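The structure appears below as structure tokens.
Quick note: the coordinates plus some simple rules give every number you see, no bench work behind them. Keep in mind that what you see is a predicted model, and the values were worked out from it rather than measured. No Cβ is skipped: glycine too gets one built from the backbone with ideal geometry, and neighbour counts run over all protein chains shown.
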Amino acid sequence: RDLIFVVGYRRERIQSHFQDGKAFRARITYVTQAKQLGTAHGVSEARAHLEGPFLVLNGSNMVDGRFVEDLLGSAGKPAVLITQSERPRSYGVVTVDGKNLVTITEKPTEVISNLINTGAYVLDERVFEEIDRLAKVGKYDLPSAVSALAQRTPVLAIRTEGTWVDALYPWDLLRLNATALKGAHEVRAGTIEPAVTIRGRVSIGDGCVIRSGAYLQGPLSLGPGCEIGPNAVLLPSTSLGKNVRIGAHTSVANSILMDDVILGPSSVVQDGVIGSGVVARAGLLAASGSGDVQMEGEWHAVPQLGALIGEDVEIGNGVSAAPGTVINERARVESGARLRGSIPAGAVVL
């Protein structure tokens, strides 16, 4: 399998994980998109490596084999994969005529249809003519180029019932993570001390230490080098990255903790996303509830969300964060603070 990864911002993380692709039985070529102008621009940057029909998939989506099989059903003809959505106005809504695409309308103000563009395509060199033409008027998105292509040659609109999970917003990662854990392989490595309770599908990486009295209820995934303290509780749909430290009597549920997170004793984290390098001292309370979150100038009412914490944040003892609190990267929160809303990057909260 020949894969081309178009990378840009923090590309070293992707490249260090996938490397040359041999571990994934693939050959990976990396193309750097120096300026992230848009999806069409990203595809155009890779054109020197493309010959004949090619598949386009978004890096923010999780799909299954059936999804890809449906896309391959176009037999190399230009195609877009579509699916039903309960929130079509958050996506590109498609208009079809029989089996063919008519147009893709990005984030319409009114509900046109509940059929949306998944961002997965089969394309060929003809799309580059439309990409180049639209770039001259400052349009760099791939849906516009595919819509333009559909005006001069048939583009199949293939409906899929396969798994397609999209991460538009940080809290979408929780749904994506829960879906991924359902099909994850179970591995038991590391050191598990006596009196540990493990139920369900739990994957424990190399070098992990699970201290006595801990309770782990799957599905869970613990990356290599993690340490789970005495009487800590990890509840379903939680994923820990590498070298995560969970303190004694701490409870984590339906959350993602990325690499090198330290979560102190007697803390509670529910429905949260914590970036790499975060250090939280004892007694952090980041419980779940309904919250209003502002992202990119828009307010979103999220029915069940804890805290969203960016990379390299430092949190003192006894801090509480209201549901939907966003703490941006490198912020420092002193002990006893009560947080809500959005904390700017690099801020100091006393």
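Which pairs break 23 Å Cα to Cα here: Lys107/Lys139; Lys99/Lys182; Lys107/Lys182; Lys22/Lys182; Lys182/Lys242? The partial results should precede the final answer.
Working: Lys107/Lys139 16 Å; Lys99/Lys182 33 Å; Lys107/Lys182 30 Å; Lys22/Lys182 25 Å; Lys182/Lys242 20 Å.
Checking Cα-Cα distances, Lys99/Lys182; Lys107/Lys182; Lys22/Lys182 exceed 23 Å.
So what are the ³J(HN,Hα) numbers for the stretch 226-232, from phi and the Karplus equation (6.51, -1.76, 1.60; θ = phi - 60°), rounded to whole Hz, Gly and Pro as x?
Going residue by residue, I get 7, 10, 10, x, x, 6, 6 Hz, with x marking Gly and Pro.
Gaussian network model of the chain, Cα springs within a sub-10 Å range: biggest mean-square fluctuation belongs to which of Ile315, Ile14, Ile131?
Ile14
Expressed as a whole number of Å, what is the distance separating the alpha-carbon centroids of the stretch 306-350 and the stretch 273-295?
A separation of 7 Å, based on Cα centres.
Convert each backbone phi in the stretch 61-71 into a coupling constant with the Karplus relation 6.51 cos²θ - 1.76 cosθ + 1.60 (shift: θ = phi - 60°), then list the ³J(HN,Hα) values in order as whole Hz, x for Gly and Pro.
Per-residue couplings from phi come out as 10, 10, 10, 10, x, 5, 4, 5, 4, 4, 5 Hz.
Counting Lys +1, Arg +1, Asp -1, Glu -1, what net charge surrounds Ala347 among other residues with beta carbon under 12 Å of its beta carbon? Intermediate results must be reported in sequence, preceding the final value.
Numbers: positive: Arg330, Arg332; negative: Glu314, Glu329, Glu334.
Overall, the nearby charge balance is -1.
For the chain, set up a Gaussian network in which alpha carbons nearer than 10 Å are linked by springs, and say which option among Arg13, Arg211, Arg47 fluctuates the most.
Of Arg13, Arg211, Arg47, the most mobile in the Gaussian network model is Arg13.
I need the Kirkwood Rh of the chain: take the reciprocal of the average 1/r across all distinct C-alpha pairs and report it in angstrom.
Details: mean 1/r = 0.0453 Å⁻¹.
Here the Kirkwood hydrodynamic radius works out to 22.1 Å.
Between rounded, prolate and oblate, where does the stretch 235-307 land on the alpha carbon gyration tensor, with a ≥ b ≥ c its root eigenvalues, rounded for a/c under 1.5, else prolate if a/b exceeds b/c? Before the final figure, lay out the partial values.
Values: a/c = 2.04, a/b = 1.66, b/c = 1.22.
Here the stretch 235-307 falls in the prolate category.
Put a dot 7 Å past each Cα toward the Cβ at Val279 and Gln151; how far apart are the dots in nm?
For the pair Gln151/Val279, the computed spacing is 5.7 nm.
Rounded to the nearest 0.05, what FRET efficiency is calculated for Ser212 and Val187 with R0 set to 25 Å and r the Cβ-Cβ distance?
E(calc), rounded to 0.05, equals 0.70.
Helix-derived [θ] at 222 nm for the chain: sum -39500 (n - 2.57) over DSSP H runs of at least 4, divide by residue count, nearest 500?
Numbers: 6 runs with 53 residues, N = 350.
Helix contribution divided over all residues of the chain: -4000 deg cm²/dmol.
To the nearest 0.05, how large is the calculated FRET efficiency for Gln36 and Ala301 if R₀ is 41 Å and r is the Cβ-Cβ distance?
Details: r = 29 Å, r/R0 = 0.70.
Working from the Cβ atoms, E equals 0.90.
Averaged across orientations, what area in nm² does the convex hull of the alpha carbons in the stretch 180-349 project? Provide the component values of the computation, followed by the final result.
Numbers: hull surface 35.0 nm².
Taking a quarter of the hull surface, the average projection is 8.7 nm².
Tell me, what HN-Hα J-couplings in whole Hz come from the Karplus equation 6.51 cos²θ - 1.76 cosθ + 1.60 at θ = phi - 60° for each residue of the stretch 24-31, using x for Gly and Pro?
Ordered by residue, 3J(HN,Hα) equals 10, 6, 8, 10, 10, 10, 9, 10 Hz.
Take the chain, mark every one of the GluC sites (Glu not before Pro) that falls in a DSSP loop and has at most 14 other Cβ within 10 Å, then report the longest stretch left between them, sites excluded. Mind dumping the intermediate values first?
Working: sites that count: Glu51, Glu86, Glu110, Glu125, Glu161, Glu186, Glu296, Glu334.
Longest stretch, sites excluded: 187-295.
Given a 10 angstrom Cα cut-off, can you work out which residue in Ser85, Ser44, Ser16 is the most mobile in a GNM of the chain?
Ser16
On average, how much area does the Cα convex hull of the stretch 33-166 cover when viewed from any direction, in nm²?
Numbers: hull surface 32.3 nm².
It is 8.1 nm².
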